[in-house]
Every structure is written in C-alpha cells, then in structure tokens.
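The structure appears right after this line, and notes come after that.
The values are calculated or read from the model by the stated rules, or taken from the named source; none is laboratory data. Everything numeric here is computed off the predicted structure, so don't read it as measured data. With ideal geometry, Cβ positions are generated from the backbone for all residues, glycine too; neighbour counts draw on all protein chains shown. Note: areas computed on protein heavy atoms with side chains; ligands, DNA, RNA excluded. Shrake-Rupley method; radii C 1.70, N 1.55, O 1.52, S 1.80 Å.
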Amino acid sequence: MSCRVLALNFGCGYSASDVDRCNTVIGRFFGELQGCIDEPAIFDAVKFVVKQLNKLNGSCDGCLIETDHRADLCELILTASKERGLATDEDVTERWWEC
C-alpha cells in the first residue's frame, strides 16, 4: 500500500498532499544537484533540501518524516550527492535535521 493511500485511509497526521509535497522537494533537490559544479554548491543543495523537509515535517506536526524515514532520506540525499561529486563519507545532512 502506498504512502498516499495510507495518508488517505488512516488519518496518520499528514495528507496525500503532504506526501506529494515531499516528492516535489526531493525532485527539486535532484534537479538542483544537476547544476552543482563543486562541493560548496552540493552542500548548499543538501542544506536547502533538509531545511525544506524539516519545514514540511513541521507543518505535519512531525508525523510525515519519522526517524526511520529520515534515515532513508539521508541515505538518498547522500548517495545522490556523492554521485554528483561530494567526496565524503560523513553524514552531511545531520547538522540540519530537526528532531
């Protein structure tokens, strides 16, 4: 069952629209990464996407992105960043996540 269906059927604290907004934020991040030509630009893109995800999660009272989801998003962000040229094994998202 998709997250969208769960949001519609179980009143989990966020809506299908919130899931769509999350997908949009991640999609924009991927698009922005394509224009990054150096590590500082990649760090800026990472910082921006994490802050946008925090904002979105805050609007859902913290229900949309829980700890396990944050770990998955972190892995996605780091993998995409490394593929674009980020040369670190450090979790560069950690400093911007809000609990």
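General remarks:
- When the range 57-99 is limited to residues that are among the aliphatic types (A, V, I, L, M) and more than 22 Å from C36 (Cβ to Cβ), the one that is surrounded by the fewest Cβ atoms within 10 Å (Cβ to Cβ) turns out to be A71.
- Of the criteria (1) modelled with pLDDT of 90 or more; (2) open to solvent by 60 Å² or more (accessible area, probe 1.4 Å), which one G11 fails: (1)
- Qualifying position, being in a helix (DSSP H, G or I), open to solvent by 20 Å² or more (accessible area, probe 1.4 Å) and not small (G, A, S), among N23, N54: N23
- All positions within the range 26-45 that are of a type in the set (D, E, K, R) and loosely packed, with under 15 Cβ neighbours inside 10 Å: R28, D38, D44
- Residue tally, condition hydrophobic (A, V, I, L, M, F, W, C) and part of a helix (DSSP H, G or I), over the range 78-99: 3
- When the range 61-77 is filtered for residues that are touching a Leu at 6+ places or on another chain (Cβ under 7 Å) and either over 14 Å from V19 (Cβ atoms) or assigned to a helix (DSSP H, G or I) (or both), only L73 remains.
- Just so you know, in the range 65-99 the residues that are of a type in the set (A, V, I, L, M) and over 11 Å from the mean Cα position of the chain (by Cα) include one that is farthest from Y14 (Cα to Cα), and it is A87.
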